[in-house]
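What follows is one structure encoded as structure tokens, with my remarks underneath.
The values are calculated or read from the model by the stated rules, or taken from the named source; none is laboratory data. None of these values were measured; they are calculated from a predicted model. Backbone-built Cβ (ideal geometry, glycine too); neighbour counts: all protein chains shown. To get the accessible areas, we keep the full protein, side chains included, count just its heavy atoms, and leave off ligands, DNA and RNA. Shrake-Rupley method; radii C 1.70, N 1.55, O 1.52, S 1.80 Å.
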Amino acid sequence: MDNLQGILTEIVQEMGAREARGTVANYIPELAAVDPTKFGIAVALPDGRVLSSGDTDDVFSIQSISKVFTLAIALGRLGDQLWARVGREPSGQAFNSILQLEHEQGRPRNPFINAGAIAVTDAILAGHVPKVVLGEILHFVRTAAEDDDIHINKSVARSETETGHRNFALAHFMRAHGRLFNSPELTLGTYFHQCAIEMTCEQLARAGRFLTNAPGVPRMVSPDRVRRINAIMMTCGHYDASGDFAYRVGLPGKSGVGGGILCVVPGKASIAVWSPGLNAQGNSQLGTEAIEMLARQMGWSVFA
Ligand code: GLU
């Protein structure tokens, strides 16, 4: 652990020199305006230390990384009944694909593709108003990070509400199959706001500590459930590049189109990286390369 700070500094230098940085998500207008040269990385350790380097004071849109937190909340509330609504198999399809949903009668493959995450949000919305559920999601994230200064960027949520036609298509399709219990407007209004939560790399790394099951970290869900969430992160956390991420990095992770990745080293560390440029599969290009470099240098992998 002694050389971790040096490795993070080296990663920031190395990534700063790389020319191929991917493309910033432009289907959400508000995200298209983010500076593509930004790069930050942070590692939270069980002893409470957080080491970081790069643009670590900037907040970024966590987008699909929020799906890890809503999955934890939904499993806490519904237990295994959640799996009646959404599967837990990798999709092998793009994050916003409609194709598979039609083949499989409106039951999404897993909780991390858009359709599955919309179904999870719909499940935790049952019997509540969006404001209360969003309050609960924020409370969960703030408690996990031990930091109350975490908020939702309303402009990003509005921007996606105005342009999220594919997500509306997914929600309406599930509703047509009787698989969405609230109106698409209500469920997506909540979903777009959860995606618009903003955090710094340090806040996100801290919020991910509960997924390490290490002694002394905030205990948000049972250790058994943490293992299962990690399994889904490993198999489904990077959409149709999940196999490649497992091969290259060997750690459970979840990406978001804001350019963030949350990655878990069970028992050892929670990593957050942010670089806004995305690769063809919608995952942070340099973020993936940075975590690959960090994991290799630290000897971190779940595969021993
Ligand atoms: N809010 C984004 C969407 O629904 C999340 C996608 C992602 O981060 O991968 O399209």
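Scan the stretch 188-214 residue by residue and report those that are farther than 19 Å from I41 by Cβ, open to solvent by 10 Å² or more (accessible area, probe 1.4 Å) and either away from the ligand (no atom under 16 Å from the Cβ) or not in a helix (DSSP H, G or I) (or both).
Within the stretch 188-214, N213 is the sole residue that qualifies.
Scanning the stretch 26-59 for residues that are within 18 Å of G253 (Cβ to Cβ) and assigned to a loop (DSSP other than H, G, I, E, B), which turns out nearest to the ligand (Cβ to nearest atom)?
F39
Scan the stretch 279-297 for residues that are surrounded by fewer than 24 Cβ atoms within 10 Å (Cβ to Cβ), of a type outside the set (D, E) and touching a helix residue (DSSP H, G or I) at 6+ places or on another chain (Cβ under 7 Å) and report the count.
Step one: list which residues in the stretch 279-297 are surrounded by fewer than 24 Cβ atoms within 10 Å (Cβ to Cβ), which gives 279-282, 285, 289, 292-293, 295-297.
If we keep only those that are of a type outside the set (D, E) too, we end up with 279-282, 285, 293, 295-297.
Filter once more, so that each one left must be touching a helix residue (DSSP H, G or I) at 6+ places or on another chain (Cβ under 7 Å): 279, 281-282, 293, 297.
Of the residues in that region, 5 qualify.
Output the residues belonging to the stretch 280-304 that are farther than 17 Å from F39 by Cα, in a helix (DSSP H, G or I) and in contact (Cβ under 8 Å) with a residue 60 or more places away in the chain.
Residues satisfying the conditions are Q297, M298.
So if I check each of I137, I152, which one is within 16 Å of the ligand (Cβ to nearest atom), open to solvent by 10 Å² or more (accessible area, probe 1.4 Å) and either under 16 Å from A207 (Cβ atoms) or in contact with a Leu (Cβ under 8 Å, 6 or more places away or on another chain) (or both)?
On the way: I137 fails: open to solvent by 10 Å² or more (accessible area, probe 1.4 Å).
Going through I137, I152 in turn, the sole match is I152.
Among the residues of the stretch 215-242, write down those that are outside any helix (DSSP H, G or I) and either touching a residue at least 12 places away in the same chain (Cβ under 8 Å) or within 13 Å of the ligand (Cβ to nearest atom) (or both). Spell out how you get there, then give the answer.
Of all residues in the stretch 215-242, those outside any helix (DSSP H, G or I) come to 215-222, 237-238.
Hits for the stretch 215-242 are P215, G216, V217, P218, M220, V221, G237, H238.
Any idea which of L211, L204 is at pLDDT 95 or above, among the aliphatic types (A, V, I, L, M) and out of contact with any Gly (no Cβ under 7 Å at 6 or more places or on another chain)?
From the options L211, L204, the qualifying one is L211.
Give me the pairs, please: first residue somewhere in the stretch 31-58 and free of Cβ contacts under 8 Å to residues at least 12 places away in the same chain, second residue anywhere and open to solvent by 40 Å² or more (accessible area, probe 1.4 Å) and not in a strand (DSSP E or B), beta-carbon distance under 7 Å, and either six or more positions apart or on two chains.
Cβ pairs passing all conditions: A32/N26.
Within the stretch 162-173, can you find the residues that are part of a helix (DSSP H, G or I) and either under 13 Å from Q194 (Cα atoms) or near the ligand (Cβ under 10 Å from one of its atoms) (or both)?
Of all residues in the stretch 162-173, those part of a helix (DSSP H, G or I) come to 162-163, 165-173.
Within the stretch 162-173, T163, R166, N167, L170 qualify.
What is the residue count in the stretch 32-74 for residues that are among the aliphatic types (A, V, I, L, M) and either under 16 Å from the mean Cα position of the chain (by Cα) or buried (at least 24 other Cβ atoms within 10 Å of the Cβ) (or both)?
Counting residues in the stretch 32-74 that are among the aliphatic types (A, V, I, L, M) and either under 16 Å from the mean Cα position of the chain (by Cα) or buried (at least 24 other Cβ atoms within 10 Å of the Cβ) (or both) gives 12.
Working only within the stretch 76-94, note down all residues that are surrounded by fewer than 22 Cβ atoms within 10 Å (Cβ to Cβ) and either within 12 Å of the ligand (Cβ to nearest atom) or of a type outside the set (D, E, K, R) (or both). Before you say what the answer is, go through the steps one by one.
As a first pass, look at the stretch 76-94 and keep what is surrounded by fewer than 22 Cβ atoms within 10 Å (Cβ to Cβ): 76-85, 87-90, 92-94.
The answer is G76, L78, G79, Q81, L82, W83, A84, G87, P90, G92, Q93, A94.
With respect to L251, is the statement that it is aliphatic (A, V, I, L, M), surrounded by 24 or more Cβ atoms within 10 Å (Cβ to Cβ) and assigned to a loop (DSSP other than H, G, I, E, B) true? Full working, then the answer.
Working: aliphatic (A, V, I, L, M): yes; surrounded by 24 or more Cβ atoms within 10 Å (Cβ to Cβ): yes; assigned to a loop (DSSP other than H, G, I, E, B): yes.
The answer is yes for L251.
Determine whether S66 is at pLDDT below 95 and closer than 23 Å to G237 by Cβ. Walk me through it before giving the result.
Values: at pLDDT below 95: no; closer than 23 Å to G237 by Cβ: yes.
No; evaluated as a whole, the condition is false for this residue.
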